[in-house]
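Derivation of every value follows stated rules applied to the coordinates shown; laboratory data play no part. From a predicted model like this one, the values you see are computed outputs, not experimental measurements. Quick reminder, even Gly has a Cβ in these numbers, built from the backbone with ideal geometry, and neighbours come from all protein chains shown.
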Amino acid sequence: MEPARGNAKKGLEVYARLRNVLGIHSSNALDLKSAFGRVAHLLSRGRRSSGTLQIIIGGKGPRQSWVLNMTEKGCEARKEGVHAPRFEVVVHATAILAMLSGRMAPIEALALGQMRVRGDLEFGMEVYRALAADNGRVDPCN
């Protein structure tokens, strides 16, 4: 039996949302290239583990894959897919928009079934901590 959405959301407001990195063109079309460019810029600051984060966005429109490649030199964002990323996020288009605009915490998207993750969870949590706004919990186990 699937939990009611209202019950799934209850208590999730304590978790950190991402910083707002969303860019909108004057035509109101979503500019994911700019948004993921801002994410790459944030991930380039400070010391991070090296690895590849792949984000696969699905929903009503065409499926898109974005890659954030993190090295000791920084991070770059590319619209492409890779075979074996260190961490992968599969997310519904409405959920990624809500997360990139700071309106939904990744933990909330997971709880609502709008996002799945796989791979090196420690690496994924490191990325989450780097992108999180300064309010709320990041670690769901503490």
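Some observations on this one:
- Converting phi to 3J(HN,Hα) with the Karplus coefficients 6.51, -1.76 and 1.60 and the offset θ = phi - 60°, the stretch 105-122 yields 7, x, 4, 5, 4, 5, 5, 8, x, 9, 8, 10, 9, 7, x, 6, 5, 4 Hz in sequence order, with x at every glycine or proline.
- Beta bridges assigned by DSSP with both partners in the stretch 17-131 are antiparallel in approximately 75 percent of cases.
- Footprinting exposure proxy for His41, His92, His83 (fewest neighbouring C-beta atoms within 10 Å first): His83, His41, His92
- Separation of the Ala133 and Ser50 label points, Cα + 7 Å toward Cβ, nm: 3.5 nm
- Label point distance in nm, His41-Arg103, each placed 7 Å from Cα along Cα→Cβ: 2.3 nm
- Rounded to the nearest 20 debye, dipole of the stretch 17-131 from Cβ charges on Lys, Arg, Asp, Glu: 180 debye
- Computed label-point distance, nm, for sites Glu80 and Lys33 using a 7 Å Cα→Cβ extension: 1.5 nm
- If R0 equals 41 Å, the separation of the Cβ atoms of Arg118 and Lys73 corresponds to a calculated FRET efficiency of about 0.95.
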